[in-house]
Each structure stands twice: as structure tokens, then as C-alpha cells.
Amino acid sequence: MATKFESSLTSNFNMPMISVKLDGKNYMLWSKSVTVFLKGKGLFSHLVNPKPNSNNPIFAQWEQEDAQILSLMLTSIEPNICSSLIHFDTAQEVWICLKHMYSGTGNTTSIYELCK
């Protein structure tokens with residue numbers, strides 16, 4: 001059975017899904033692009049809701065959709081940033097990490113820039 005994500009992809013295969021590539025300075029634009037895209041596909045819940053238990057009947061579909069979202073996100077991030085995200089397993093984990101690193105709230109952004 002095709003996931004919501006796969007069905008959407010087949011109809012728009014040649015259309016770029018996220019045209020903004022996160023470079024560390026354009027987080028607000030990138031996050032808005034990802035948000036709008038995923039809301040349009042009915043998949044934004046992957047970024048804000050917890051991962052279902054593996055015994056949940058929707059887990060297999062959720063896992064497949066989340067892998068596709070994670071792939072989409074990673075391909076829309078510059079390689080130097082992407083390499084620091086490889087230990088995360090879900091789209092939500094990457095989303096939260098990037099928000100902490102680049103949203104400009106707190107000192108995390110400044111600390112990250114100093115450590116580069």
C-alpha cells in the first residue's frame with residue numbers, strides 16, 4: 001500500500017520538494033519551507049508528535065513515512081551541517097536539533113558558531 005508521501009511524490013516527481021537548502025544562516029526560511037511542504041502532504045505531525053510504539057498498528061506506515069521525511073530533510077541541508085545529524089533516527093529528532101541550533105533562541109546558535 002502506498003504511503004501518503006509516496007502518492008504525493010508520484011504525481012509531482014519532477015517538481016523540487018524543498019527548494020531551500022539549510023546553510024545555517026537561513027533557518028527561518030528553510031523551516032518554513034519544510035513546514036509548508038509537510039503540512040501540504042498531511043505529514044507535519046511527524047515533526048511534532050512522538051514516535052508511536054512498535055506494537056502500534058500504524059507503526060510500519062509511520063516508520064516508512066518518517067524515513068522519507070528524514071531523507072527529504074537531509075537532502076535539503078548543506079553537507080557540513082548534515083554530517084552532525086547522522087546519529088538521529090527520526091525526522092522529529094533532526095527537527096528539534098536544528099531548531100535548537102539555528103532558531104536564534106537562547107545561546108545555542110552563538111555557541112555553535114563559536115565552535116565551528
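The values are calculated or read from the model by the stated rules, or taken from the named source; none is laboratory data. Worth saying up front: this structure is predicted, and the values here are computed from it rather than measured. Note that we place each Cβ from the backbone using ideal geometry, even for glycine, and neighbour counts take in every protein chain shown.
Some notes on this structure:
- Phe5 vs. criteria in contact with a Lys or Arg (Cβ under 8 Å, 6 or more places away or on another chain) and either modelled with pLDDT under 95 or of a type in the set (D, E, K, R) (or both): yes
- Residues that are out of contact with any Leu (no Cβ under 7 Å at 6 or more places or on another chain), farther than 18 Å from Ser103 by Cβ, at pLDDT below 95 and exposed (fewer than 11 other Cβ atoms within 10 Å of the Cβ) are absent from region 58-76 altogether.
- Residue within region 19-33 that is part of a helix (DSSP H, G or I), within 27 Å of Gly104 (Cα to Cα) and modelled with pLDDT under 95 present: no
- Filtered residues of region 40-57 (kept if modelled with pLDDT under 95 and either charged (D, E, K, R) or surrounded by 13 or more Cβ atoms within 10 Å (Cβ to Cβ) (or both)): Lys41
- Single unsatisfied condition, Gly104 versus (1) at positive phi; (2) modelled with pLDDT of 95 or more; (3) of a type in the set (Gly, Ala, Ser): (2)
- Long-range neighbours under 7 Å by Cβ, at least six apart or interchain, first residue closer than 15 Å to Leu72 by Cβ within region 85-96, second of a type in the set (D, E, K, R) and buried (at least 19 other Cβ atoms within 10 Å of the Cβ): Thr90/Asp66; Ala91/Asp66
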